[in-house]
Structure formats: C-alpha cells, structure tokens
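This report refers to the structure that appears directly beneath it.
What follows draws every value from the coordinates through simple rules; no lab data is involved. Because the structure is a prediction, the values reported are computed rather than measured. With ideal geometry, Cβ positions are generated from the backbone for all residues, glycine too; neighbour counts draw on all protein chains shown.
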Amino acid sequence: QKEVEQNSGPLSVPEGAIASLNCTYSDRGSQSFFWYRQYSGKSPELIMFIYSNGDKEDGRFTAQLNKASQYVSLLIRDSQPSDSATYLCAVTSAGNNRKLIWGLGTSLAVNP
Amino acid sequence: ETGVTQTPRHLVMGMTNKKSLKCEQHLGHNAMYWYKQSAKKPLELMFVYSLEERVENNSVPSRFSPECPNSSHLFLHLHTLQPEDSALYLCASSQERGTSPSTTNEKLFFGSGTQLSVL
C-alpha cells in the first residue's frame, strides 16, 4: 500500500527559530510533492509544491526533496506564532491517474 | 465571491434525514472534488469530477450521492447516514493540465468545509 508518513508531533519551537517538518513516502515513482497548512477548524491551504530534487524557496518557506531517499521536508525560517498549524504532506502516486496520497500531518506549535 | 465557497459550515442531522452540501468555485477550474477528513486518518478522496464527468468514486457508500451540474458547482447529497459518517467534508477544485480526465492537477483549492455530525 502506498503511504506517506509524517511525525504527528506536536513539534514545538520558539519564536524566531527554524521549524523542520519531515515526510517520507513509499512510492518510488512519485513525481509531485505538496505541503498544505491547516489551521485548527479550517481547511487545508497549499503553501509549497516541488517537483525536482533539491531546494525550493518561497519567502520563509523552503521545500527540500530527495527522491533517492524518498524524503521531502519543509523548513520554516523565523517561525512566528501564526505558523502554528498542522502541516499536511501530499504526494502523487506514479502512473496515469496520479492520485494524491496524504500524510496524517504534523502539528507545529510556535511559542512566543 | 472568490475562491471556493462551501455551505453549510456546520450540519447536524439524524440518521433518517436527507440533506445536501453545496460547493461553488469562482476560480475557473474544471475539476472538483469531495474529500472526507476524520480524526487520526489521512484525507480520504470520495469523488472527483473532471470536465463535469465523474472520474473517480473511491468505494464510497451509496448513502453519499454527488452531483455536478456544471464546472462551477458541486453537491453532495446525504441520506440515511450513520454516526461514523460524522467528519469534516471538504470540497476542492483544481485546474486540469491536460485533456484527459486522468491528468487532474494536484494543486487543490479547498472550501471552508462542512463539519457534519450524525446523531
């Protein structure tokens, strides 16, 4: 069964620190990788996507992909209390239907 | 109106009731989705409509019935639900990359969700 694994947390970091969120996936043929942020009581919101090995930066967010290790991470620099949320990792399965496989999410708490 | 709007936000229903969830997207997308989110489970894809054609139905019980009258509107009709159906139901939309219904884009835009409680 194709899976996406995330540490459920909670991950607690002080304000201003770097938060590192990790995700591993089982389908070696996966092509597309996504990070969604979900505040408590709200719906998921896409914040980053990455298709190629390496780093992709957008503001305070950096996505890192290592296909050989089947590992994708999200770094949040200068963490703010407003970053406190659950971060969902989603990965497309290989093949024509490219179904999205979701992780359970990691809860992040940024402490003032 | 912008983005994806979903109503109602909260719904409490008995097991014999019939209700409908409504979703409307204002993004010009051509694919729409229903997801179920339960505690301690990953997001579960229920239905996908691409170009107004249902392209996926993930073994969802028949007490859930989707309807997509056009590319902007999506409904989920509910009847004789069970308490285990209580969950957050999320509508989403995306822009297809290709002409085949199988190439749905993974960049999803979600509505605010309906928190459903079945008594």
>> Quick test of your reading: applying the under-4.7 Å Cβ rule, which cysteines of the protein assembly as shown are isolated?
In response: B:CYS68
> Hey, got the dipole for the protein assembly as shown? About the Cα centre, +1 on K and R Cβ, -1 on D and E Cβ, debye to the nearest 20?
Replying inline: 320 debye
> Top mean-square fluctuation among B:CYS91, B:CYS23, B:CYS68, Gaussian network model of chain B, C-alpha springs under 10 Å?
Replying inline: B:CYS68
> Separation between the B:ASN57 and B:GLU84 pseudo-spin-labels, each 7 Å from Cα along Cα→Cβ, expressed in nm?
Replying inline: 2.1 nm
> Roughly what % of Cα-Cα distances in chain A sit above 20 Å, to the whole percent?
Replying inline: 36 percent
> Which of A:ALA68, A:ALA94, A:ALA85 moves most in a GNM of chain A, Cα contacts under 10 Å?
Replying inline: A:ALA68
> Where both residues lie in the protein assembly as shown, what percent of DSSP beta bridges are antiparallel, nearest 5?
Replying inline: 90 percent
> Counting other Cβ atoms within 10 Å of each Cβ, which trypsin sites (Lys or Arg not before Pro) in the stretch B:12-86 have at most 14 and sit in a DSSP loop?
Replying inline: B:LYS40, B:ARG63
>> Test of understanding: what is the full-extension gain from B:LYS107 to B:LYS41, defined as 0.36 nm times their sequence separation minus their Cα-Cα distance?
In response: 21.7 nm
> Per the Debye formula with a single identical scatterer at each Cα and no solvent contribution, what log10 I(q)/I(0) holds for the stretch B:15-118 at q = 0.15, 0.19 Å⁻¹?
Replying inline: -0.58, -0.91
> Gap in Å between the Cα centre of the stretch A:40-57 and the Cα centre of the stretch B:1-17?
Replying inline: 27 Å
> In terms of Cα to Cα distance under 15 Å, which aspartates and glutamates are near enough to B:LYS40, apart from those fewer than 8 places away along the same chain?
Replying inline: A:GLU3, A:GLU5, B:GLU84, B:ASP85
> In nm, to one decimal, how far is the modelled label at A:GLU45 from the one at A:SER69, with both set 7 Å along Cα→Cβ?
Replying inline: 3.0 nm
> What is the local net charge at B:PHE75, summed over the other residues whose Cβ is closer than 13 Å to its Cβ (Lys, Arg +1; Asp, Glu -1)?
Replying inline: +1
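Using only the alpha carbons of the protein assembly as shown, what is the convex hull's orientation-averaged projected area in square nanometres? Present the calculation step by step, with values, prior to reporting the outcome.
Numbers: hull surface 51.3 nm².
Its Cα hull, projected and averaged over all orientations, spans 12.8 nm².
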> Just for the Cα atoms in the stretch B:1-54, what are the lengths along the principal axes, largest first, rounded to whole Å?
Replying inline: 35, 26, 21
> Which of the lysines could a cross-linker span from B:LYS36 if the Cα-Cα distance has to be under 19 Å and same-chain partners fewer than 8 positions apart are dropped?
Replying inline: A:LYS2, A:LYS42, A:LYS99, B:LYS18, B:LYS19, B:LYS22, B:LYS107
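Based on Cβ point charges of +1 for Lys and Arg and -1 for Asp and Glu, what charge dipole magnitude is obtained for chain A about its Cα centre, in debye rounded to the nearest 20?
Roughly 360 debye, rounded to the nearest 20.
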>> Cut-off 10 angstrom, C-alpha nodes, Gaussian network model of chain B. Which of B:ASN57, B:ASN30, B:ASN17 fluctuates the most?
In response: B:ASN17
>> If you take each beta carbon of peptide A:40-48 and count the beta carbons of other chains within 10 angstrom, what is the mean?
In response: 5
> Given a Förster radius of 30 Å and the C-beta distance between A:GLU3 and B:THR16 as r, what FRET efficiency does 1/(1 + (r/R0)^6) yield to the nearest 0.05?
Replying inline: 0.20
